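Before any comments, here is the structure.
The values are calculated or read from the model by the stated rules, or taken from the named source; none is laboratory data. Predicted, not measured: the structure shown is a model, and the values here were computed from it. Counting neighbours? That spans all protein chains shown, and the Cβs are built from the backbone with ideal geometry, glycine included.
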Amino acid sequence: MADKKKTMGSGVTAIFRKQIFIPIAALLLLAVFNLIMDPSFFEISFGYNSAGHPVLTGNLMTILDYGSEVAILAIGMTLVTAASGGQDISVGAVVAIAGSVILRVLVGLGGDGTLQAPIIVGFLAACGAAMLCGAFNGVLVAVFKIQPMVATLILYTAGRSIAAWINNNELPSVTDETFTYFGGFIPGIPVPTPFFIAVVCIVIALLVLKFTNLGLYTQAVGINAESSRLNGLNPTFIKWLTFVILGLCVAVVGLIKTSRLSTINYSVIAKDIEMDAILAVALGGNVLSGGKFNIMASILGAYVIQFLTTTLYKFQVSSDALPAYKAVVVIVLVVISAPAVKEKIAAWGKKVKAQKGDA
Amino acid sequence: MKKKVLAAILAAAMAMACLAGCSSSSEEASSDAAETEEAAETEEAAEDAEAAGEETAETAPAADGELIRVGIINNDPNESGYRTANDADMKAMFTEENGYDASFAYSLKNDEQITAAQKFIQDEVDFLLLSAADTSGWDSVLQDAQNAGIGVILFDRTIDASEDLYLASIVSDMEQEGQTAVDWLESQGLEEYNIIHIQGVMGSAAQQGRTGALDAKVAESDNWNLVTQQTAEWNSEKAQQIVQSVIDAGTEFNVIYAENDDMAKGAVAALDKANISHGVGKDVIIMGFDCNKWALQELLDQNWNYDGQCNPFQASYIDEVIKKVVNGEEITEKTIILEEKGFDATTITAEDVEKYGI
């Protein structure tokens with residue numbers, strides 16, 4: 001009996017030590033809070049949208065829908081954070097560029113909204129543009145050794161103007177119905193498409209990490225670039241590569257965002273989304289100064305953020321107060337993960353154990 | 001040399017003739033209008049007069065051989081469709097053909113705009129046209145402009161400075177825009193108004209004006225309720241999420257009052273997802289502002305109900321003020337309020353979409 005207790009106790013601490021514990025705990029906390037305050041939060045209803053397609057609606061669906069955008073970005077942002085020890089803050093601006101490229105290819109200048117090219121061509125062009133932006137950031141960070149936040153500040157400032165320039169300052173909109181599938185619903189499937197897109201991205205990312213050395217190399221470079229170089233890795237290339245991968249993630253989000261309303265507004269689309277992506281990485285318990293990482297934890301973190309946002313909307317919190325709540329989350333996280341606090345908790349844990357042993 | 005003088009005199013004579021023609025034709029037109037009592041005709045007459053005015057402008061520079069130099073400080077044209085239209089209007093008016101030598105400076109930041117203003121003052125422009133990013137901090141630079149004999153004309157936005165420092169201020173009356181919209185909504189005669197109110201960036205003049213009228217009406221009427229009042233910061237995605245959250249909560253509503261077109265569009269996307277009908281004769285009334293072309297098209301298609309205008313076409317008003325100053329006339333009104341309409345989906349026409357869409 002005593003033995004069993006012991007193993008259970010060590011099992012609990014093992015979970016507690018696991019990185020993924022933080023986002024799971026946050027998710028449970030939010031879920032319990034909603035359950036107590038208003039269980040109807042979890043209701044999902046089945047209906048039809050105005051185009052006559054079946055859809056599931058409810059707060060949980062909204063979380064899956066909007067959380068997926070940040071989840072996709074979190075994949076790339078985690079890699080960038082792990083390899084370079086810094087974050088890319090130009091994500092929102094590059095989403096605007098990618099969206100603008102999609103519209104330019106699909107509608108063209110002064111077009112009437114009918115498709116001038118297959119959607120896949122527009123998407124591939126956006127991938128090219130966003131990866132080019134990622135490569136630009138990557139070169140600044142990896143080759144010229146500029147602080148990632150400073151390097152990406154360039155596109156953060158200029159990106160939205162570039163996006164406006166690509167479409168000659170016009171705001172074209174796509175009238176073709178198939179284009180709305182990516183940010184809405186595919187006819188006959190009642191779950192929002194962004195969720196499926198996120199699942200595909202996650203599966204690809206996990207497969208790549210499993211069957212290539214990308215994960216290991218990224219960690220090695222993040223922990224100590226110099227020693228990984230001495231061990232035959234090319235830290236410059238790996239850092240650069242993570243930024244290009246993030247660019248690809250950004251292009252996918254650009255497609256979803258553009259598809260939601262069939263058009264975009266360059267100055268406000270995906271505003272501050274980079275902060276959500278960075279917060280997702282932090283919520284996932286990843287060290288923001290680089291090194292070890294856990295992609296699944298980041299992705300879970302992304303959905304937690306959307307859970308928080310949706311909860312706050314549900315309780316009619318003023319939307320300009322949202323950043324303040326997110327700030328509280330960040331503060332709590334940073335404090336918990338600070339070495340001084342970690343030591344205290346560990347010491348306290350030992351003390352409790354010792355007392356139990358005495359008893 | 002003689003030929004040049006002759007040409008100048010001829011040109012001047014032509015200009016005079018034109019002016020005379022213009023005044024008589026507009027008199028005729030206005031008396032016509034008085035007879036038929038149709039506002040539309042006076043508008044046409046005004047346009048005629050404008051057109052004639054442009055003609056004189058074309059010949060005037062030939063007469064005195066010099067372009068009027070203007071420095072134009074505006075906000076970034078990428079900011080919104082409104083700003084793009086405003087900038088395009090300015091660029092179309094202040095051309096060499098119209099007798100102007102214009103330089104442009106764009107910024108959304110007050111300090112950068114002030115630097116641009118100082119540069120224009122050093123360049124000795126004749127007029128400084130200003131759409132200020134922020135209301136404060138302009139006193140000293142406008143004083144400099146006055147000392148240098150440069151006329152300052154404010155457009156689109158007012159500033160906190162003494163009225164003596166500028167010639168005229170051409171602005172929209174945001175309170176009036178809000179009032180027009182609320183009056184229209186009242187005229188719909190619903191039994192109960194359950195309104196989702198989506199606001200712009202808090203503290204901006206447009207937000208304050210458009211919110212003020214609605215807030216006042218809700219406070220004084222029992223059957224007007226705000227289901228939710230949230231800022232989406234002019235952002236369509238945020239508006240979509242806000243409306244989505246109301247739908248998810250299962251709250252009843254029958255009006256969406258969005259303070260610009262983008263946010264109305266986001267709100268409509270959320271409604272479409274939940275199969276809630278909207279537009280003329282449907283469950284939910286959709287109201288937007290700014291009169292983007294695509295938004296007016298939605299009105300024409302009966303998907304939306306109302307769109308309030310925020311007039312970006314200020315160049316002709318400015319041109320008028322400058323012409324008056326150059327001709328030595330007195331400017332009677334410091335603050336010129338732009339004429340603005342509200343469009344109803346049941347009465348809008350395809351011509352309106354073309355003419356007023358931005």
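Some observations on this one:
- The residue that is surrounded by the fewest Cβ atoms within 10 Å (Cβ to Cβ), among those in the range B:113-168 that are farther than 23 Å from B:Glu320 by Cβ and of a type in the set (A, V, I, L, M), is B:Ala148.
- Per-region count, the range B:209-231, residues in contact with a strand residue (DSSP E or B) (Cβ under 9 Å, 6 or more places away or on another chain) and away from chain A (no Cβ under 14 Å): 8
- B:Asp290 free of Cβ contacts under 8 Å to residues at least 12 places away in the same chain and surrounded by 23 or more Cβ atoms within 10 Å (Cβ to Cβ): no
- Count of residues meeting criterion [more than 10 Å from chain B (Cβ to nearest Cβ) and either in a loop (DSSP other than H, G, I, E, B) or touching a residue at least 60 places away in the same chain (Cβ under 8 Å) (or both)] in the range A:173-186: 8
- Qualifying residue in the range A:189-206 (condition: in the same structural domain as A:Ala270 (by TED's automatic domain parsing), touching a His at 6+ places or on another chain (Cβ under 9 Å) and at pLDDT 90 or above): yes
- Residues in the range B:163-202 that are part of a helix (DSSP H, G or I) and within 15 Å of B:Ala117 (Cβ to Cβ): B:Leu165 alone.
- For the range B:246-264, the set of residues classified as at the interface with chain A (Cβ under 8 Å from one of its Cβ atoms), more than 15 Å from B:Gln207 (Cβ to Cβ) and surrounded by 24 or more Cβ atoms within 10 Å (Cβ to Cβ) consists of B:Asp248 only.
- A:Lys271 being over 18 Å from A:Val334 (Cα atoms), basic (Lys, Arg), assigned by TED's automatic domain parsing to the domain that holds A:Thr309 and not in a helix (DSSP H, G or I): yes
- The lone criterion from (1) in a helix (DSSP H, G or I); (2) within 30 Å of A:Ser100 (Cα to Cα) left unmet by B:Ser103 is number (1).
A quick yes/no check of all residues on (1) outside the structural domain of B:Lys217 (by TED's automatic domain parsing); (2) of a type in the set (Phe, Trp, Tyr); (3) part of a helix (DSSP H, G or I); (4) at pLDDT 90 or above:
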{"residue": "B:Leu129", "(1), (2), (3), (4)": "yes, no, no, yes"}
{"residue": "B:Ala133", "(1), (2), (3), (4)": "yes, no, no, no"}
{"residue": "B:Ser140", "(1), (2), (3), (4)": "yes, no, yes, yes"}
{"residue": "B:Gln143", "(1), (2), (3), (4)": "yes, no, yes, yes"}
{"residue": "B:Ala161", "(1), (2), (3), (4)": "yes, no, no, no"}
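- Of all the criteria given as (1) within 19 Å of the chain's Cα centre (by Cα); (2) surrounded by fewer than 23 Cβ atoms within 10 Å (Cβ to Cβ); (3) not in a helix (DSSP H, G or I), the one not satisfied by A:Asn286 is (2).
- Filtering the range B:179-209 to residues that are over 16 Å from B:Trp234 (Cβ atoms), free of Cβ contacts under 8 Å to residues at least 40 places away in the same chain and not β-branched (Val, Ile, Thr) leaves B:Gln179, B:Asp183, B:Glu186, B:Ser187, B:Gly189, B:Glu191.
- Which numbered condition A:Asp88 fails, given (1) assigned to a helix (DSSP H, G or I); (2) buried (at least 24 other Cβ atoms within 10 Å of the Cβ): (1)
- Any hit, the range A:297-314, residues being in a loop (DSSP other than H, G, I, E, B), within 14 Å of chain B (Cβ to nearest Cβ) and over 17 Å from the mean Cα position of the chain (by Cα): no
- Test: residue in the range A:106-121 that is surrounded by fewer than 21 Cβ atoms within 10 Å (Cβ to Cβ), more than 17 Å from A:Ser262 (Cα to Cα) and in the same structural domain as A:Ala71 (by TED's automatic domain parsing): no
- Test for A:Ala321: is it in contact with a Pro (Cβ under 6 Å, 6 or more places away or on another chain), surrounded by fewer than 24 Cβ atoms within 10 Å (Cβ to Cβ) and either more than 13 Å from every other protein chain (Cβ to nearest Cβ) or closer than 24 Å to B:Thr228 by Cα (or both): no
- Of residues in the range B:65-88 being more than 14 Å from chain A (Cβ to nearest Cβ) and at negative phi, the one surrounded by the fewest Cβ atoms within 10 Å (Cβ to Cβ): B:Glu66
- Filter pass, B:Leu154 being within 23 Å of B:Glu333 (Cα to Cα), outside any loop (DSSP other than H, G, I, E, B), out of contact with any helix residue (DSSP H, G or I) (no Cβ under 9 Å at 6 or more places or on another chain) and without any contact (Cβ under 8 Å) to a residue 40 or more places away in the chain: yes
- Out of B:Val268, B:Val353, B:Val280, sole residue that is in contact with a helix residue (DSSP H, G or I) (Cβ under 7 Å, 6 or more places away or on another chain), modelled with pLDDT of 90 or more and of a type in the set (Val, Ile, Thr): B:Val353
- Subset of the range A:260-287 [within 24 Å of B:Lys273 (Cβ to Cβ) and more than 14 Å from chain B (Cβ to nearest Cβ)]: none
- Number of the exception - B:Glu192 against (1) under 29 Å from the mean Cα position of the chain (by Cα); (2) charged (D, E, K, R); (3) more than 10 Å from every other protein chain (Cβ to nearest Cβ); (4) surrounded by fewer than 23 Cβ atoms within 10 Å (Cβ to Cβ): (1)
- Contact annotation: residue pairs with Cβ atoms under 7 Å, 6 or more positions apart or on different chains, pairing a residue in the range A:53-70 that is under 22 Å from A:Val203 (Cα atoms) and facing chain B (nearest Cβ under 9 Å) with a partner that is β-branched (Val, Ile, Thr) and in a helix (DSSP H, G or I), are A:Thr62/A:Thr310.
- Exclusive hit being without any contact (Cβ under 8 Å) to a residue 40 or more places away in the chain, touching a strand residue (DSSP E or B) at 6+ places or on another chain (Cβ under 8 Å) and within 14 Å of another protein chain (Cβ to nearest Cβ), set A:Ser45, A:Ser40, A:Ser50: A:Ser45
- Residue match in the range B:303-320 (condition: within 12 Å of chain A (Cβ to nearest Cβ) and either within 22 Å of A:Tyr313 (Cα to Cα) or assigned to a loop (DSSP other than H, G, I, E, B) (or both)): yes
- Candidates A:Ile22, A:Ile63, filtered to the one that is surrounded by 14 or more Cβ atoms within 10 Å (Cβ to Cβ), part of a helix (DSSP H, G or I), modelled with pLDDT of 90 or more and of a type in the set (A, V, I, L, M, F, W, C): A:Ile63
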